[in-house]
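For reference, the structure discussed in these notes is given below.
Where a number appears in this text, it was derived from the coordinates with a stated rule and is not lab data. Since we're looking at a predicted model, the values are computed, not measured. Cβ sites come from the backbone with ideal geometry, for glycine too, and all protein chains shown count toward neighbours.
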Amino acid sequence: MRSNARMRALLREADTSGLSVQDIPRAFREVVQRGWSLSPSGGRVLTDLLLDVPTQYADRLAEEITVNGRGMTDYDLPSAADERAPLLVRRCLAYVAACLGRARKDFGDSAVRAYVSLSFADTDDAPLTAYVTFCTPLPDVWSYIPRLESVEGAAVGEFCEEDALAGLDRP
């Protein structure tokens, strides 16, 4: 796992024991159940998140992060950041573990990476929000978040299947 200091602090504080599919919001569970597909350009995309209308992307990385990225459901969580953060981390990691496990099943390898970020929304009430996306590192394309370890202003982490499942109940 690669992460910045903020994400490492959040991970130390969050209870991630016993993660399961029940930690994943219902709509995201349906995404996991539908699994992964290959796009015409070879992008690894979550089937349920594909658009009905074909779209042009600059490259496979742009396609994968655009199709696979979503804000984590949080409307039902407390508004105080110190109460909200561990719950968001737990939801994100459960979703990451389930999606990466499903990617291994669907593609037969562990090439897909998950990226989780938590930051304060740019709104008047500025709640803590989380975003999760998935992409496959490519040798000829910049990484999704270059110099991830030095990102400021957000907690960010890159997870592989082994990271996501280490010490967790497989969802």
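Going through L88, L118, L100 one at a time, which residue ends up being more than 14 Å from F28 (Cβ to Cβ) and under 13 Å from the mean Cα position of the chain (by Cα)?
Exactly one residue qualifies, and that residue is L118.
Please verify whether S143 is surrounded by 12 or more Cβ atoms within 10 Å (Cβ to Cβ), free of Cβ contacts under 8 Å to residues at least 24 places away in the same chain and part of a loop (DSSP other than H, G, I, E, B), treating the condition exactly as stated. Can you show your working first?
Values: surrounded by 12 or more Cβ atoms within 10 Å (Cβ to Cβ): yes; free of Cβ contacts under 8 Å to residues at least 24 places away in the same chain: yes; part of a loop (DSSP other than H, G, I, E, B): yes.
Yes: the conditions hold for S143.
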Quiz item: Taking the stated definitions as given, is R70 in contact (Cβ under 8 Å) with a residue 12 or more places away in the chain and either touching a Ser or Thr at 6+ places or on another chain (Cβ under 6 Å) or not aromatic (F, W, Y) (or both)?
Solution: yes
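Does G153 meet the test of being more than 14 Å from R2 (Cα to Cα) and in a loop (DSSP other than H, G, I, E, B)? Steps first, please.
Details: more than 14 Å from R2 (Cα to Cα): yes; in a loop (DSSP other than H, G, I, E, B): yes.
So G153 fits the description; yes.
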Quiz item: Which one of the conditions (1) more than 24 Å from M1 (Cα to Cα); (2) among the aliphatic types (A, V, I, L, M); (3) out of contact with any helix residue (DSSP H, G or I) (no Cβ under 8 Å at 6 or more places or on another chain) does L51 fail to meet, given that it meets all the rest?
Solution: (3)
Quiz item: Quick check, is V116 β-branched (V, I, T) and more than 21 Å from E152 (Cα to Cα)?
Solution: no
